[in-house]
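All remarks here apply to the structure that follows.
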Amino acid sequence: MSKKWDNLTLALCIALLPPIWAVLAPHIHVSTGAVALICAGVYVANGNRASDGVKISVGFLLGDFWAWAALHIMDLLKWNPELELFLTLFVMGGLAVLISGLAPKWIYCPSWLCGWAIGLTIMSPLGMEGMKGYPLQIAAAMLAGVWYVGVLLDKVQKKMLKIIQCRFSKK
């Protein structure tokens, strides 16, 4: 199949599926819908392997929890804020890498670290009181990114390419 058809079908899928998520997300009370695009990017960077979807998802969900936990830890500590930040990131970052290294079949370390950064970016400015349901919204968007924007989009595009290939091979 030509690169032209690959690009055209990918463009159509990207033009169609993520905007559907963007429209639907607020209707299911997910205000962090754009997170799905970041998470889909990590899925694609891993090679569009649906077989890795679970471990990528686990990594993102752990990262989301890690962000929530880090913010709670820093809220409890009453030290210099810069020291709190450094030590929390140092310890939790190291632990994330070590833990994911012990279970690479179940946890994708890059998605854990990326998920942690996403969670911190969104939740840090909210403060402890404003955080409320944000970890769940972020988790929903992360899963939508991997499974809807990542896995489903890839399957739809491959199906389109098969249909195109069948049409042109008959001529």
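The values are calculated or read from the model by the stated rules, or taken from the named source; none is laboratory data. These figures come from a predicted structure and were not determined experimentally. Heads up, the Cβs are rebuilt from the backbone with ideal geometry, glycines too, and the neighbour counts pull from every protein chain shown. These accessible areas exclude ligands, DNA and RNA; they are computed on the full protein's heavy atoms, side chains included. Shrake-Rupley method; radii C 1.70, N 1.55, O 1.52, S 1.80 Å.
For the reader, a short list of remarks on this structure follows.
- Positions within the stretch 123-153 being open to solvent by less than 70 Å² (accessible area, probe 1.4 Å) and farther than 14 Å from Cys39 by Cα, in sequence order: Met123, Ser124, Leu126, Gly127, Met128, Gly130, Met131, Gly133, Tyr134, Pro135
- Subset of the stretch 72-93 [touching a helix residue (DSSP H, G or I) at 6+ places or on another chain (Cβ under 6 Å) and in contact (Cβ under 8 Å) with a residue 40 or more places away in the chain]: Asp75
- Residue check: Ala22 meets all listed conditions (1) open to solvent by less than 80 Å² (accessible area, probe 1.4 Å); (2) in a helix (DSSP H, G or I); (3) over 21 Å from Leu136 (Cβ atoms) but one, namely (3).
- Selection from the stretch 54-85 of residues that are within 27 Å of the chain's Cα centre (by Cα) and under 13 Å from Met128 (Cα atoms): Ala67, Trp68, Ala69, Ala70, Leu71, His72, Ile73, Met74, Asp75
- Residue within the stretch 75-96 that is open to solvent by less than 40 Å² (accessible area, probe 1.4 Å) and under 21 Å from Trp147 (Cα atoms) present: no
- Among (1) within 16 Å of His72 (Cβ to Cβ); (2) at pLDDT 95 or above; (3) open to solvent by 30 Å² or more (accessible area, probe 1.4 Å), the one test that Gly119 misses: (3)
- Residues located in the stretch 97-112, provided they are in contact (Cβ under 8 Å) with a residue 40 or more places away in the chain and open to solvent by 70 Å² or more (accessible area, probe 1.4 Å): Pro104, Lys105, Trp106
- Taken over the stretch 45-74, the residue count meeting the criterion of being at positive phi and surrounded by 12 or more Cβ atoms within 10 Å (Cβ to Cβ) is 1.
- When the residues of the stretch 81-114 are filtered to those that are out of contact with any Phe, Trp or Tyr (no Cβ under 9 Å at 6 or more places or on another chain), of a type outside the set (D, E, K, R) and assigned to a loop (DSSP other than H, G, I, E, B), the one that is farthest from Asn46 (Cα to Cα) is Ala103.
- Inter-residue pairs, beta-carbon under 6 Å, first at pLDDT below 95 and in a helix (DSSP H, G or I) and in the stretch 33-61, second open to solvent by 70 Å² or more (accessible area, probe 1.4 Å) and not hydrophobic (A, V, I, L, M, F, W, C), 6+ apart: none
- Counting the residues of the stretch 115-171 that are assigned to a helix (DSSP H, G or I) and free of Cβ contacts under 8 Å to residues at least 12 places away in the same chain gives 15.
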